[in-house]
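What follows is a set of notes on a single structure, which appears directly below.
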Amino acid sequence: MFLQAQSKNMIIAYLAAFSLSIHILLSWLFTVKYEFGIPGAMASTILAYWIPNLGQLAFVTCGGCGETWKGFSFLAFKDLFPVIKLSLSSGAMVCLNISGWEMMISLGFLAAASVRVSNELGRGSLKAANFSIVMTVLTSFVIGFILFLLFLFLRGKLAYIFTENPKMADVFADLSPLLAFSLLMNGIQPVLSGVAVGAGWQSIVAYVNIACYYLIGIPVGVVLGCLGWDVARNTYTNHCANHSHLQN
């Protein structure tokens, strides 16, 4: 956020691309060449995740932000409580709603929308802020719509990228419509959350997310899960009864 607020986005993009390249290389080395399995995959992920953090820290402290970074100071602890309060609200807004993790692309738009909207509102340009909201929402929605079509119409084929088991592919195909609609909706929700961050509405959105997930999502999931279990159990019972009747 510190770099994005200064429109220093290219260094973030370069570090992300470098991290992705290292991640692919380490994943191949640890899982294919040396056959470390899941521990190797996790190790490559952890190492790759540290690259952007260390790279951005080095960029900031080594002169990349000469006008905004004057070195470490105890002034960083001044008025710390409002920052902690805002951070907790932002964390609750995203982390307590697991739908935010289903589409990492939209989380990128969340960060972009929050920074852009906050900058434009800080300048007092409501028109530019509205334009930023419309563009980020439309862009994220288009990407979500493409993924929606992909999972909806290729649901029987995409599973074979990860498995050769036909039964697993059939299960994936049955769940793909639900996943497709989830991706479509998540093309919008994280971006609007980013707008809320930029406008300083973190606490309100955190309460909305908590209510939607814990008061609506979980109860509905439990009910549908129980109904699905009852349907599966009744189908299995009827199948066994019919099979026994045929044998008799």
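Can you list the lysines whose alpha carbon sits under 21 Å from that of K8, skipping same-chain ones fewer than 8 residues off?
Qualifying lysines at Cα under 21 Å: K70.
Once you have the Cα-Cα distance between F131 and L158, take 0.36 nm times their residue separation minus that, and quote the gain in nm to one decimal.
Working it through step by step, the gained length comes to 6.1 nm.
Classify the stretch 1-68 as rounded, prolate or oblate from the Cα gyration tensor: take a ≥ b ≥ c as the square roots of its eigenvalues, call it rounded if a/c is under 1.5, otherwise prolate when a/b beats b/c and oblate if not.
The shape class here is prolate.
Which whole-number percent gives the relative contact order of the stretch 1-68, counting Cα pairs below 8 Å spaced six or more residues apart?
It comes to 32 percent, rounded to a whole number.
Shape call for the stretch 148-232 from the C-alpha gyration tensor, a ≥ b ≥ c root eigenvalues: rounded (a/c under 1.5), prolate (a/b greater than b/c) or oblate?
Oblate, because a/c is 1.5 or more while a/b does not exceed b/c.
None of the figures in this text is laboratory data; all of them are computed from the coordinates on show. In this text the structure is predicted, and so the values were computed from the model without any measurement.
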